[in-house]
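Reading through the structure tokens given below for one structure.
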Amino acid sequence: MVKSVLPKIKKIAVIFFLVLAVSISFCFRLGDDEQQMLAWGNKCLNQSFDSSTDTKLKKWELELTPDAFIRMRKTYQNGKQEYFSFHLHRMVDMNFLGTADEGTLQFKTMADDIIVQTSHDKKGDLDTLATTLSIPVKNMQPERLDSLRTILEYFKSKEF
């Protein structure tokens, strides 16, 4: 008796399309997770930044970018601006000094990898490099610190 191969082909086609659909959904899911991590990292940095430590500070911006840079700009009441930037691939360590209520995040890089630019200063504009960036923070609970460290390590290990 001759059996039709049509049911086998249908089975294979259904399995193939199922595997294809699952693969495609995982591709989109990874991008969503990365966007969520980036959003959480920025939220954590911005909510924790303690601007009250510098009374002359008028405005500040602190950002983790999708291409794994940490950038911080401080604008003072007299117009002076300080800009700090470094790529997470160059980060050696992130330390926290202080208590959960207030402290300092210290980012250390391999060498002089932190760009420091000062502009609109009475002493003149200055471009230098540094190995440590200290950011004053408040309300940095251990869980939040661990979460931030995980996100920064993820972006540090990401290939660009």
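The values are calculated or read from the model by the stated rules, or taken from the named source; none is laboratory data. Since this is a predicted model, take the numbers as computed values, not measurements. Cβ coordinates were reconstructed from backbone atoms using ideal geometry, including for glycine residues, and neighbour counts include every protein chain displayed. Only protein heavy atoms, including side chains, enter the accessible area calculation; ligands, DNA and RNA are left aside. Shrake-Rupley method; radii C 1.70, N 1.55, O 1.52, S 1.80 Å.
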Region 124-133, residues that are closer than 14 Å to ASP93 by Cβ and either open to solvent by less than 50 Å² (accessible area, probe 1.4 Å) or in contact with a helix residue (DSSP H, G or I) (Cβ under 9 Å, 6 or more places away or on another chain) (or both): LEU133
Count - residues of region 147-160 that are within 18 Å of PHE49 (Cβ to Cβ) and open to solvent by 40 Å² or more (accessible area, probe 1.4 Å): 1
Region 69-89, residues that are under 23 Å from ALA39 (Cα atoms) and either modelled with pLDDT under 95 or assigned to a strand (DSSP E or B) (or both): PHE69, ILE70, ARG71, MET72, ARG73, LYS74, TYR83, PHE84, SER85, PHE86, HIS87
Pair list, Cβ under 9 Å, 6 or more apart: region 61-76 residue more than 12 Å from GLY41 (Cβ to Cβ) and without any contact (Cβ under 8 Å) to a residue 60 or more places away in the chain, other residue assigned to a loop (DSSP other than H, G, I, E, B) and open to solvent by 60 Å² or more (accessible area, probe 1.4 Å): THR75/HIS120; TYR76/LYS56; TYR76/HIS120
Options LYS158, LYS108, LYS123; residue that is modelled with pLDDT of 95 or more and either within 22 Å of GLN77 (Cβ to Cβ) or not hydroxyl-bearing (Ser, Thr, Tyr) (or both): LYS108
Single unsatisfied condition, ILE114 versus (1) in contact with a Leu (Cβ under 8 Å, 6 or more places away or on another chain); (2) over 27 Å from GLU159 (Cβ atoms); (3) modelled with pLDDT of 95 or more: (2)
Condition met for LYS138 (in contact (Cβ under 8 Å) with a residue 60 or more places away in the chain and more than 13 Å from the chain's Cα centre (by Cα)): yes
Scan of region 90-123 for residues that are part of a loop (DSSP other than H, G, I, E, B), open to solvent by 60 Å² or more (accessible area, probe 1.4 Å) and either touching a Ser or Thr at 6+ places or on another chain (Cβ under 7 Å) or aliphatic (A, V, I, L, M) (or both), ordered by number: MET110, ASP112
Subset of region 38-56 [surrounded by 12 or more Cβ atoms within 10 Å (Cβ to Cβ) and modelled with pLDDT under 95]: SER51, THR53, ASP54
